[in-house]
């Protein structure tokens with residue numbers, strides 16, 4: 001839920017004891033960190049289940065107390081998991097690599113024992129979690145420990161393995177070391193650095209608005225910058241803020257034209273580079289106007305060749321070499337970072353996202369079946385291939401599937417080019433999308449017309465923020481008295497499927513969450529509230545009433561002094577909801 005949709009209040013009253021106590025606002029701090037992590041992954045297009053926990057080890061020389069504390073103490077992590085943490089840390093400290101280093105700076109030498117201790121605590125916490133993670137299919141990432149009152153506290157972010165399979169990392173090498181990196185990994189690193197910084201604030205977790213941490217957007221931007229400082233050219237360190245340099249270049253125009261082209265990252269003397277022309281004096285990427293002038297030539301098979309900040313010429317990279325890292329300029333202030341054909345990161349007007357697959361297989365099938373009842377599986381499979389082919393094209397395109405395609409081709413004959421009915425093929429798509437207008441096909445995958453200029457009255461789904469191709473498809477699909485669907489690929493490779501129905505969810509999951517919140521207390525309602533808030537669309541009027549009554553009861557109940565209560569916007573039935581959006585359990589098992 002966005003901050004704009006929430007309000008907070010603090011109400012005094014009864015006590016709620018933290019058994020594994022580190023500091024008074026540990027519960028709030030963990031919740032804030034989890035919310036920030038979810039926001040980051042949502043913004044970069046990698047919404048996923050995640051977990052956040054805090055592990056604290058009691059500092060030496062203090063009165064007796066819990067040697068190890070975890071937050072949440074009633075979560076899935078047993079305290080026994082860290083039962084021998086103290087012994088492991090004390091055993092590992094003498095062999096820490098930094099023990100062999102002596103600094104010329106007196107302060108650095110003074111701080112070395114504490115730094116070694118805090119790094120060792122984080123390492124041992126991760127080792128303890130790794131054993132459980134391997135069996136459960138998760139990965140844990142830990143911040144360096146930071147002292148809060150009597151404890152050295154480690155922030156832990158856990159993510160499922162499937163996230164890293166969906167968005168794989170890439171290998172880079174520097175100083176004979178090979179390591180994996182990705183936008184996800186750098187987001188994790190920056191978030192954990194911020195979390196450690198937050199632990200250093202007075203009473204971490206006490207304040208909601210100003211908690212000393214960067215915003216999710218700032219964290220993502222810094223992570224993108226860090227990612228693009230990776231040694232993409234083997235053995236060569238990047239000492240340039242490549243992210244900012246590429247952003248500036250993408251904003252430049254040349255004689256009014258937007259920048260479209262490609263820049264390959266390679267050493268100037270790389271034997272795998274074949275130059276079409278080589279500059280006598282390299283041009284710095286940090287000089288965006290000059291670099292933009294050169295980019296005008298970098299279309300087709302040839303690309304600018306740059307060793308990070310210095311452009312050495314125009315050329316191609318041998319097919320037998322490892323796929324190079326490159327920047328593909330798509331439109332004004334729009335570009336992709338790639339390795340070979342794999343897109344690693346997209347940047348649109350300074351906002352960073354991970355590449356998105358055209359559409360998940362299950363959702364694509366479900367959407368096709370709901371728009372075209374009775375469509376057979378071979379036809380759906382054909383259109384899945386068509387969609388993937390359109391997404392691979394280097395230019396914008398659109399295709400409309402209409403149950404009345406044959407009649408519409410005749411009606412729109414003066415607004416397009418009718419053809420003899422022909423099955424859709426890769427070659428047909430490549431030729432037909434080279435001209436303006438839309439491809440018109442029927443649900444069997446037979447094309448009836450190309451270059452069609454669509455018509456239709458204005459629709460509520462139209463938006464001035466989108467181009468003519470998108471809005472004309474929206475109007476045409478909405479105007480049809482029979483089922484129609486459109487695939488629209490914008491110039492920046494954004495895919496739209498019109499209409500794209502919301503995914504269906506299990507009726508039993510909605511009912512279970514409503515029942516759970518109806519009987520919940522303040523300490524137990526958070527999970528159900530979060531689920532229902534994300535699935536507001538699927539609640540009917542009676543369920544909305546039950547949830548609202550539960551929220552009224554929980555939020556207005558007496559609370560302890562200092563407790564922060566997050567107020568949830570009340571539920572109301574969505575006008576577009578009907579029971580077709582709900583699945584029975586047996587429908588999933590079939």
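The values are calculated or read from the model by the stated rules, or taken from the named source; none is laboratory data. Remember, predicted model here, so these are calculated numbers, not experimental data. Methodologically, a virtual Cβ is constructed for each residue, glycine included, from the backbone with ideal geometry; neighbour enumeration extends over all protein chains shown.
Quick check, is residue 487 over 30 Å from residue 343 (Cα atoms), touching a residue at least 40 places away in the same chain (Cβ under 8 Å) and either more than 29 Å from the chain's Cα centre (by Cα) or not in a loop (DSSP other than H, G, I, E, B) (or both)?
Spelling it out, it is not the case that residue 487 is over 30 Å from residue 343 (Cα atoms), touching a residue at least 40 places away in the same chain (Cβ under 8 Å) and either more than 29 Å from the chain's Cα centre (by Cα) or not in a loop (DSSP other than H, G, I, E, B) (or both).
Considering 394, 363, 384, which residue is assigned to a loop (DSSP other than H, G, I, E, B), surrounded by fewer than 19 Cβ atoms within 10 Å (Cβ to Cβ) and either free of Cβ contacts under 8 Å to residues at least 12 places away in the same chain or out of contact with any strand residue (DSSP E or B) (no Cβ under 7 Å at 6 or more places or on another chain) (or both)? Break it down into steps so the answer makes sense when it comes.
Numbers: 363 fails: assigned to a loop (DSSP other than H, G, I, E, B); 384 fails: assigned to a loop (DSSP other than H, G, I, E, B).
Just a single option satisfies the conditions, and that option is 394.
State yes or no: is residue 58 under 26 Å from the mean Cα position of the chain (by Cα) and surrounded by 17 or more Cβ atoms within 10 Å (Cβ to Cβ)?
no
Has the range 226-235 got at least one residue that is assigned to a strand (DSSP E or B), touching a residue at least 60 places away in the same chain (Cβ under 8 Å) and either assigned by TED's automatic domain parsing to the domain that holds residue 142 or touching a strand residue (DSSP E or B) at 6+ places or on another chain (Cβ under 8 Å) (or both)?
Filtering the range 226-235 down to residues assigned to a strand (DSSP E or B) leaves none.
No: the range 226-235 contains no residue that is assigned to a strand (DSSP E or B), touching a residue at least 60 places away in the same chain (Cβ under 8 Å) and either assigned by TED's automatic domain parsing to the domain that holds residue 142 or touching a strand residue (DSSP E or B) at 6+ places or on another chain (Cβ under 8 Å) (or both).
Here is a check on your reading of the model: is residue 220 part of a helix (DSSP H, G or I) and in contact (Cβ under 8 Å) with a residue 24 or more places away in the chain?
Yes.
Limited to the range 380-396, what total is found for residues that are in contact with a helix residue (DSSP H, G or I) (Cβ under 8 Å, 6 or more places away or on another chain) and at pLDDT 90 or above?
4
Please count how many residues of the range 509-536 are exposed (fewer than 13 other Cβ atoms within 10 Å of the Cβ) and either part of a loop (DSSP other than H, G, I, E, B) or touching a helix residue (DSSP H, G or I) at 6+ places or on another chain (Cβ under 7 Å) (or both).
Residues flagged as exposed (fewer than 13 other Cβ atoms within 10 Å of the Cβ) and either part of a loop (DSSP other than H, G, I, E, B) or touching a helix residue (DSSP H, G or I) at 6+ places or on another chain (Cβ under 7 Å) (or both) within the range 509-536 amount to 3.
Check whether at least one residue in the range 495-503 is farther than 25 Å from residue 442 by Cβ and crowded, with 18+ Cβ neighbours inside 10 Å, and report yes or no.
Within the range 495-503, none of the residues are farther than 25 Å from residue 442 by Cβ and crowded, with 18+ Cβ neighbours inside 10 Å.
Taking residue 428 as the residue in question, decide whether it is modelled with pLDDT of 90 or more, out of contact with any helix residue (DSSP H, G or I) (no Cβ under 7 Å at 6 or more places or on another chain) and surrounded by 15 or more Cβ atoms within 10 Å (Cβ to Cβ).
When the stated conditions are applied, residue 428 passes them.
What single numbered condition from (1) touching a residue at least 60 places away in the same chain (Cβ under 8 Å); (2) farther than 23 Å from residue 488 by Cβ fails to hold for residue 266?
With (1) touching a residue at least 60 places away in the same chain (Cβ under 8 Å); (2) farther than 23 Å from residue 488 by Cβ applied to residue 266, the lone miss is (1).
I'd like the full set of residues that are in contact with a helix residue (DSSP H, G or I) (Cβ under 6 Å, 6 or more places away or on another chain) and crowded, with 18+ Cβ neighbours inside 10 Å, limited to the range 223-247.
223, 224, 226, 227, 228, 243
Inside the range 47-81, can you point out the residues that are in contact with a helix residue (DSSP H, G or I) (Cβ under 8 Å, 6 or more places away or on another chain) and over 16 Å from residue 154 (Cα atoms)?
Residues satisfying the conditions are 47, 48, 50.
Please tell me if residue 479 is loosely packed, with under 15 Cβ neighbours inside 10 Å, over 19 Å from residue 557 (Cβ atoms) and modelled with pLDDT under 95. Before the answer, list the steps.
On the way: loosely packed, with under 15 Cβ neighbours inside 10 Å: yes; over 19 Å from residue 557 (Cβ atoms): yes; modelled with pLDDT under 95: yes.
In short, yes.
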